[in-house]
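Quick notes on the structure that follows.
The values are calculated or read from the model by the stated rules, or taken from the named source; none is laboratory data. Just so we're clear, the structure is a prediction, and the values are computed from it rather than from any experiment. Note: ideal-geometry Cβ built from the backbone for every residue, glycine included; neighbour counts use all protein chains shown. Surface areas here come from the heavy atoms of the whole protein model, side chains and all, with no ligands, DNA or RNA. Shrake-Rupley method; radii C 1.70, N 1.55, O 1.52, S 1.80 Å.
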Amino acid sequence: MSENILEVKNLKAYYDILKGQVKAVDDITFTLKKGEILGLAGESGCGKSTLASTFISRKKPLKYISGEVDLVGHQIMEMSEKEFKKLRLRTISLIPQYALDAFSPTKKIKTYIADLARQHGVKTDKKFFDKVKERLDLVNLDESVLNRYSIELSGGMKQRVIMVISTILDPEFLIADEITSALDVSSQRFVATMLANLRDLEIIGSAMFITHDLSILYQIADRIMIMYAGNFAEIGPTDEIVENPRHPYTRALIDSLPKVGIQYKDKRLSGIEGTPPHLLNIGEGCRFRHRCPYSIEKCEETPPREKVAEGHFVSCWRWKELGSDLSGKK
Amino acid sequence: MEKNNEIVMSVQGLSKVFKSGILNPEYTVAAKDISFDIEKGKIISLIGESGSGKTTVGKLILKLIKLSEGEIIYKGKNISEIEDKEETKEYYRRVQGIFQDPFATFNPLYRVDRVFDMIFDSFELGFEDKDQAIRDALYDVNLNPDRTLGKFPHQLSGGQLQRLLIARALLMDVDVLIADELISMLDASTRIGVLNLLVESCKKHGMAVIFITHDLNLGYYISDKSLIMYKGRLVERGDTKKIYENATHPYTQMLFEAVPEIGERWDPDEEFLPEQVVKDVKEFYQENEGKGFVEIEEDHSVLFSDK
Ligand SMILES: Nc1ncnc2c1ncn2[C@@H]1O[C@H](COP(=O)(O)OP(=O)(O)OP(=O)(O)O)[C@@H](O)[C@H]1O
Ligand SMILES: Nc1ncnc2c1ncn2[C@@H]1O[C@H](COP(=O)(O)OP(=O)(O)O)[C@@H](O)[C@H]1O
Ligand code: SF4
Ligand SMILES: [Mg+2]
Ligand SMILES: [Mg+2]
């Protein structure tokens, strides 16, 4: 399987609820190379966390519909839960969104780590804790944190502890879901840089870094994938996505980011009018069409995923004709 | 153009100490010796890490908690001395807050219209046609009244609910609006719309806004003045451009180094540690002992030492 550690093809996973299907992951295709950090961005509710859950847990009502996921040779969508469990932490590891909130205030950090390790069938002997201490040192935490309670640690420190445990078995693929969102800017920088360091040190193989904050992805991601309302919008090398976005949504997203040096008084940034569609029983067509300034009749049909350049793909009927200069209106 | 700025509120030497525990009480100095003026129609960003005391300052101004020391002067009057029922009501009308989680402000069991009914019931707002006034205010914040009124909170998005609260503030002709981490739960594409709206409303209606955030870029984008807080202290204060161009306090400098920006990558060779700033600030204060809070240029002051 060449040097890709992950190959995802036409993956669909829906929430099966009483009223129908919430199509939160709908036809997602991408690959991840060894050593690569892929950033995943998109509006709240577009299906980023659902994509992560599709790989890992698929708890009800989330249901796998179709498509393939090849993780270093394992067809993980076809594996039984029992089989898959053996891959957890070793081959694939997830830092869930809101993991910070999951710390129990009455447990010592040491207990928290031990419980988590045991859940994944890892022996918590001296050797294990020696490794934990080594890794804590790597993230600039003193081993004394092991004997402290979570309320004594700041959000940034807790997030470092979480990173240490999630990567303790050197997973080939790490999914980090919004690990910087609840942190102060200083901890954001530390934690994001840490993710890149873990990759450089080959403690983790590759990573998918989920966040709604494109400016953090710009710092550490090799490539960026943009999702919109459960669909794939665009994927490409970070600089390409930022400088030559091909999808109108990507462009709008980048244009709405404030930068130091731009004040309202001097230059007004523009956002995107309207809100994303509801994903319940959503039908055909480009899901961005009601907000897209370039939409045409053709956009009532779902656009195919097309190749722009090596490693750069986009789903938009008009990407060629519009070019990357998306400033003009239709 | 912008001379003779009218000061609506003046915060002077504000401090708040929280006491927790009864047997062995612990004291937290959440805010200490905070002073600044709020000018009519101006936006002030209040920036700092979590726990630095931003919300505390907001709550003190909103008269939601009692201050330990200092004074807040609103239109010439010390707000601690407002005891009269009518005056208190008037204060709560003119000085309002919108908080981080808009869902918490709405009762999920009632249609969103209730937030408007409540203000019309409680205050003499002086509109001839109440329904028309609400519709106008909703149009002002880019909401379609027909698609907003009559809905339950869960049927609207976070951004829509926040716009609804801005509309309410406009109806009440608020003088000072405290927006605490207002847009932190919104997406980049939606939040810029809410921000633009906030600035427009504020210029149009002469409403002053204290915009609490930890996002430096957003603070820069919308504010005229900035306040930087660190561990309960106001460490830098003044004209937003001046602070951003000439950040002087080590904490402010660290913030600028850490903020992620498109087009500028963090230096990978630089060892960046959030813990470092604690030492840097301590050293800075030691080197400058006795100096205190100093104006280093017009409309730009820095805390050089905490003693
Ligand atoms: N248990 C569930 N049942 C039904 N629908 C769900 C469920 N969980 C999530 N959804 C819906 O699936 C969609 C995708 O949600 P998801 O949590 O993956 O978004 P996200 O991109 O991670 O958002 P955020 O940036 O807010 O974390 C949303 O429309 C959401 O309302
Ligand atoms: N009601 C309270 N009782 C005790 N301590 C409090 C209370 N509210 C805030 N604090 C403390 O005051 C400090 C400042 O908090 P806050 O104003 O909420 O900061 P910010 O809004 O900047 O995150 C923190 O140390 C916080 O724990
Ligand atoms: S397919 Fe049509 S509606 Fe969708 S992004 Fe492209 S132009 Fe816009
Ligand atoms: Mg999520
Ligand atoms: Mg706060």
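Quick check on segment A:273-301: of everything there that is part of a loop (DSSP other than H, G, I, E, B) and touching a residue at least 60 places away in the same chain (Cβ under 8 Å), which residue is nearest to ligand 2 (Cβ to nearest atom)?
So, considering only residues that are part of a loop (DSSP other than H, G, I, E, B) and touching a residue at least 60 places away in the same chain (Cβ under 8 Å), the one nearest to ligand 2 (Cβ to nearest atom) is A:PRO276.
Over 30 Å from B:TYR27 (Cα atoms) and in contact with a Cys (Cβ under 8 Å, 6 or more places away or on another chain): which single residue out of B:ALA258, B:ALA208, B:ALA247 fits that description?
B:ALA208
Within segment B:65-111, can you find the residues that are within 16 Å of ligand 5 (Cβ to nearest atom), touching a residue at least 24 places away in the same chain (Cβ under 8 Å) and not β-branched (Val, Ile, Thr)?
B:GLY97, B:PHE99, B:GLN100, B:ASP101, B:PRO102
Of everything in segment B:24-64, what is more than 16 Å from ligand 5 (Cβ to nearest atom) and within 14 Å of chain A (Cβ to nearest Cβ)? Give them in sequence order.
Of everything in segment B:24-64, those that are more than 16 Å from ligand 5 (Cβ to nearest atom) and within 14 Å of chain A (Cβ to nearest Cβ) turn out to be B:GLU26, B:GLY41, B:LYS42, B:ILE43.
Rundown of residues vs (1) farther than 29 Å from B:TYR220 by Cα; (2) within 15 Å of ligand 2 (Cβ to nearest atom), yes/no style:
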| position | (1), (2) |
| --- | --- |
| B:VAL11 | no, yes |
| B:GLU26 | yes, yes |
| B:ASP37 | no, no |
| B:LEU62 | no, yes |
| B:SER80 | yes, no |
| B:GLU86 | yes, no |
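Among the residues of segment A:5-42 satisfying the criterion of being of a type in the set (Ser, Thr, Tyr) and touching a residue at least 40 places away in the same chain (Cβ under 8 Å), which is surrounded by the most Cβ atoms within 10 Å (Cβ to Cβ)?
Looking at the filtered set, the residue picked out is A:TYR14.
For (1) more than 21 Å from A:ARG189 (Cα to Cα); (2) crowded, with 21+ Cβ neighbours inside 10 Å; (3) within 24 Å of the chain's Cα centre (by Cα), each residue gets a yes or a no:
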residue: B:ILE212; (1), (2), (3): no, yes, yes
residue: B:ASP224; (1), (2), (3): yes, yes, yes
residue: B:ARG237; (1), (2), (3): yes, yes, yes
residue: B:ILE262; (1), (2), (3): no, no, no
residue: B:PHE272; (1), (2), (3): no, no, no
residue: B:LYS279; (1), (2), (3): no, no, no
residue: B:GLN286; (1), (2), (3): yes, no, no
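Taking the condition of a type in the set (A, V, I, L, M), buried (at least 22 other Cβ atoms within 10 Å of the Cβ) and closer than 27 Å to A:LEU257 by Cβ, does A:ALA176 pass?
When the stated conditions are applied, A:ALA176 passes them.
Mind listing whichever residues of segment A:43-90 are open to solvent by 50 Å² or more (accessible area, probe 1.4 Å), within 16 Å of ligand 1 (Cβ to nearest atom) and not polar (S, T, N, Q)?
Within segment A:43-90, A:GLY45, A:ARG58, A:LYS59, A:LYS60, A:PRO61, A:LYS63, A:TYR64, A:ILE65 meet the criteria.
Please note which helices (runs of 4 or more DSSP H) are completely contained in segment A:182-246 and include at least 1 residues that are within 14 Å of chain B (Cβ to nearest Cβ) and more than 19 Å from A:HIS312 (Cα to Cα).
Answer list for segment A:182-246: A:185-200, A:214-220.
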